[in-house]
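Report on the structure given below.
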Amino acid sequence: MTVRVMLISPAAVAAHEARFGDDGPLDAAALRRTRAAGPLPAAGRVLTAPSPRCRETAAVLGADAAGDEPALRDLDAGRWRGRELMELGASEPEALAAWLTDPDAAPHGGESVRDVIARAGEWLDGLEDGRVLAVAAPAAIRAAVVHCLALPAQSFWRLDVQPLSVTELTGRGGRWNLRCGVPLAREHDGTPGDRAHPTSPAGTQSS
């Protein structure tokens, strides 16, 4: 038996993209894009990261009863939470550079990239067989892919998780197959997904 995990990234919120850990609710534009994406695929278990953006994305997609899963939350940016990437580049350039290049660095006092990979990996390895669908923070989706494919931790920043896309992991016992970057709408009606909202390093940490 195997487990099939479908990780849905939440809709992008323009006002939050330049700040670390800004996890407020969806704005009007994000709500429209989420409604257009259509319902979620069927699954035996439906979960969501405990942030307002992930919860609201799940609810709009028809999974308002999804259970909270803390392992799928955003990276904890510590004292950088709410600060802008450009601001940090000017005030703490060395700390920011270390964080973006060293997966063990946590100059903000929160989690390192390696911490997030470990937490996502522990959650995945503990899943029972069946179909699991979860709306997850982009950082958690990146971490899950790094863990499942046994990629170097430094590759975390090389993965681009598009808003309202499906990252599918299927496997068991440390052997996983990956299907990534599928727009959620295409899963149902062949229309393009939410591709017009790329995120910055700070934005991909928002959930």
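If I go through the range 125-148 residue by residue, how many of them are part of a helix (DSSP H, G or I), β-branched (Val, Ile, Thr), within 20 Å of Thr48 (Cβ to Cβ) and open to solvent by less than 10 Å² (accessible area, probe 1.4 Å)?
The total comes to 1.
Can you find a residue that is closer than 17 Å to Leu164 by Cβ and either modelled with pLDDT of 95 or more or among the hydroxyl-bearing types (Ser, Thr, Tyr) (or both) anywhere in the range 25-38?
Yes: one or more hits.
Kindly indicate the residue of the range 96-116 that is open to solvent by 20 Å² or more (accessible area, probe 1.4 Å) and aliphatic (A, V, I, L, M) and also modelled with the lowest pLDDT among those meeting that condition.
Once the filter is applied, the top-ranked residue is Leu100.
Go through the range 45-83 residue by residue and tally those that are over 19 Å from the mean Cα position of the chain (by Cα) and open to solvent by 70 Å² or more (accessible area, probe 1.4 Å).
Result for the range 45-83: 2.
For the range 40-68, give me each residue that is more than 11 Å from Ile8 (Cα to Cα), in a helix (DSSP H, G or I) and not small (Gly, Ala, Ser).
Within the range 40-68, Pro52, Arg53, Arg55, Glu56, Val60 qualify.
So which of Val135, Val116 ends up being over 20 Å from Trp157 (Cβ atoms), of a type outside the set (Gly, Ala, Ser) and touching a helix residue (DSSP H, G or I) at 6+ places or on another chain (Cβ under 6 Å)?
Val135
Do we have any residue at all in the range 170-178 that's touching a residue at least 12 places away in the same chain (Cβ under 8 Å), within 17 Å of Arg53 (Cα to Cα) and part of a strand (DSSP E or B)? Don't jump to the end; show me each part of the working.
Taking the range 170-178 as the starting set, the residues that turn out to be touching a residue at least 12 places away in the same chain (Cβ under 8 Å) are 170-172, 174, 176, 178.
Restricting the remaining residues to those that are within 17 Å of Arg53 (Cα to Cα) gives none.
No.
Take the conditions under 22 Å from Gln162 (Cβ atoms), among the hydrophobic types (A, V, I, L, M, F, W, C) and modelled with pLDDT under 95 and apply them to Ala49. Does it pass? Step through it out loud before you land on a result.
Numbers: under 22 Å from Gln162 (Cβ atoms): yes; among the hydrophobic types (A, V, I, L, M, F, W, C): yes; modelled with pLDDT under 95: no.
For Ala49, the condition - under 22 Å from Gln162 (Cβ atoms), among the hydrophobic types (A, V, I, L, M, F, W, C) and modelled with pLDDT under 95 - is not met.
Which of (1) within 20 Å of Val46 (Cα to Cα); (2) open to solvent by 10 Å² or more (accessible area, probe 1.4 Å); (3) outside any helix (DSSP H, G or I) is the odd one out, the single condition Glu122 does not satisfy?
(3)
The conditions are (1) outside any strand (DSSP E or B); (2) at pLDDT below 95; (3) more than 15 Å from the chain's Cα centre (by Cα), and Val161 fails exactly one of them. Which is it?
(3)
The values are calculated or read from the model by the stated rules, or taken from the named source; none is laboratory data. Quantities reported herein were computed from a predicted structural model and do not represent experimental measurements. Cβ sites come from the backbone with ideal geometry, for glycine too, and all protein chains shown count toward neighbours. Just so you know, the surface numbers come from the protein's heavy atoms only, side chains and all, with ligands and any DNA or RNA stripped out. Shrake-Rupley method; radii C 1.70, N 1.55, O 1.52, S 1.80 Å.
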